[in-house]
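The block underneath contains the structure these notes are about, expressed in structure tokens.
Any read-out appearing in this document is the output of simple, stated calculations on the displayed coordinates, not a laboratory observation. Here the structure is a predicted model, which means the values were calculated and not measured. With ideal geometry, Cβ positions are generated from the backbone for all residues, glycine too; neighbour counts draw on all protein chains shown.
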Amino acid sequence: KEEKKRAKRAKVFKIPPLGLLNVAAVTPDDVKVILTDENVEMIDFERKRDLVGITVMTSTAPRAYEIADIFRKKGVPVVLGGSHVSALPDEAIQHADSVVIGEAEGCWEKLIDDFKRYGKEGLKKFYKNQEKPDLSEVPFPRWDILKEDTYIVKKVLHATRGCPYNCSFCSVTRFFGRKIRKRPVEKIVECIEKNVGKSLKDRFFVFLDVNIMGNRKYAKDLFKALIPYRIIWMSQASVNSAYDDELLALAAKSGCKALFVGFETIAPEALKEIGKYQNKVDFYIEAIKRFHRHGIFVEGAFIFGFDADTREVFEETVRFVNRAKLDGVQYTILTPLPGTAFYEKIEREKRFIDRNWSNYDCGHIVFKPKNMTPEELQAGLNWAYKKTYSLPSIFKRLTGVFTGGRWKYAIPLLIFNLGYRKTCKRMAKEAWNPNKKLSHDRIFK
């Protein structure tokens, strides 16, 4: 009963753990793989296992270490991987028999072979590839091991890995590298052809690339090849993709319905601060209009907590979001993740105020902001969510749905926004505008 409740709560906003699906795909056929995602189900610690692998992000590290410790006490060897342990392998090995540093394809197969041959004693402390995996040789994710009706979408995959940019707060560049590595278009087409169905659910794919349009020539070739299959897909792209109208037209024709776009901030000084020179604030509104004209929905991502941010940033950002008629919005707190240049900066400046990894979820303040108090930054984030997902804001933003033939999806878009609104209600208790010295407005309108 509890597992069903957990799955129901998570289904709308959770996606399958692609990293583990990729690991399963390179696991030898004679090894039985069982996937447990604690976001949607409970862990059965009593089930017999020979080896446990856990993927670790920074915010999940304490829980991952707790799980690992439980299994190891039962005599089950544990392997940890993922972005956090790749940045801090010496920390991670205190809770594991082995740590996989970086991408798993290539070294995971060696780890399994060592375990098969020599058991737990044969495992090395650290496994790391000498070179990044060649995506032309990497198999597609094992979607077959996902439980039915657990996620709203099952078919998640990478077309590319890597990002040419080097934003100071982003851990992706260190993990995947700055060179964009590409899966051959013909292999993606072959995968789509084998797995596409007739129903809406069976035609739905999500490319979890950092920037699927990062290499425009490759992206155009891919989109052209996808057109005959009538799939529906979503992904992430940078705002400067909108400079290329042919690229957007091909994306739309190939089935692109929505993109997650990292605008990050509306302050040019903040963009310089993090080294995101490719974003031009003056182009934001026009970029959103171009995406919309091609029938592509946009969920915009914004970050609060830059040194350039003042108490006015929350009002200004919410005002921009409404004016731009963004279809969905994600706000986060600037978070110094291990392995990033921003983490090193905060360390040098001795500005950390919280070392609990659980709070490194981009929703809590873990360092001292420059132009406001931590309490003001937290309240401002909550206030921005409250205002953006208030009914007046939702309906104002949804008036933009009449461009690019997107009106057909008005009801799903409304449901999406109302779902976001529901998750934001818990923030309302501590939501107030730091730019206005008024009594806290605790009513969620």
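Run the dipole for segment 158-430 about the Cα centre, Lys and Arg Cβ at +1, Asp and Glu Cβ at -1, nothing else charged, and hand back the magnitude in debye, nearest 20. Can you show the working numbers first?
Numbers: 47 positive and 29 negative charges, 178 e Å.
Roughly 860 debye for segment 158-430.
Go through [x] 179; [y] 163; [z] 150 and flag the label whose value is the computed volume of the Cα convex hull per residue in Å³ for this structure.
The value matching this structure is [z].
Counting helices only, and only those DSSP H runs with n ≥ 4, report the 222 nm mean residue ellipticity of the chain as the sum of -39,500 (n - 2.57) divided by its residues, in deg cm²/dmol to the nearest 500.
Values: 17 runs with 162 residues, N = 445.
So the helix-based figure for the chain works out to -10500 deg cm²/dmol.
At 0.36 nm per residue, and after removing the present C-alpha to C-alpha distance, how many nm does the segment from R426 to E131 gain when stretched out fully? Walk me through the numbers before you get to the answer.
Details: separation 295, 0.36 × 295 = 106.20 nm, distance 4.48 nm.
Extra length from R426 to E131 when fully extended: 101.7 nm.
Using θ = phi - 60° and the Karplus curve 6.51 cos²θ - 1.76 cosθ + 1.60, what whole-Hz ³J(HN,Hα) does each residue of segment 221-235 get, with Gly and Pro shown as x?
4, 5, 5, 4, 5, 7, 3, x, 8, 6, 7, 10, 9, 9, 6
Sort the following peptides by mean Cβ neighbour count (other Cβ atoms within 10 Å, averaged over residues), highest first: 251-264, 386-399, 107-120, 161-174. Please list the in-between numbers first.
On the way: 251-264: 21.6, 386-399: 17.3, 107-120: 15.6, 161-174: 19.6.
Most protected by this proxy first, the peptides run 251-264, 161-174, 386-399, 107-120.
What's the Kirkwood radius of segment 2-128 in Å, using all Cα pairs?
Numbers: mean 1/r = 0.0663 Å⁻¹.
Taking every pair of different Cα atoms in segment 2-128, averaging 1/r and inverting gives 15.1 Å.
When ranked by the protection proxy of mean other Cβ atoms within 10 Å per residue, highest first, what sequence do the peptides 15-24, 45-54, 80-89 form? Could you put the intermediate results ahead of the total?
Details: 15-24: 20.8, 45-54: 14.9, 80-89: 23.3.
The packing order, highest mean first, is 80-89, 15-24, 45-54.
If packing is taken as the mean number of other Cβ atoms within 10 Å per residue, what is the order of 57-65, 25-33, highest first? If you can, show how the numbers build up before the last one.
Numbers: 57-65: 19.9, 25-33: 12.4.
Peptide ranking by packing, descending: 57-65, 25-33.
What Cys residues in the chain are without a partner cysteine, judged by a Cβ distance under 4.7 Å?
Among the cysteines of the chain, those whose Cβ sits 4.7 Å or more from every other are C107, C163, C191, C256, C362, C424.
Restricting to DSSP loop positions (anything but H, G, I, E, B) with no more than 16 other Cβ atoms inside 10 Å of their own Cβ, which GluC sites (Glu not before Pro) remain in segment 114-220?
Numbers: sites: E121, E131, E137, E148, E186, E190, E193; in loops: E131, E137, E148.
Filter output for segment 114-220: E131, E137, E148.
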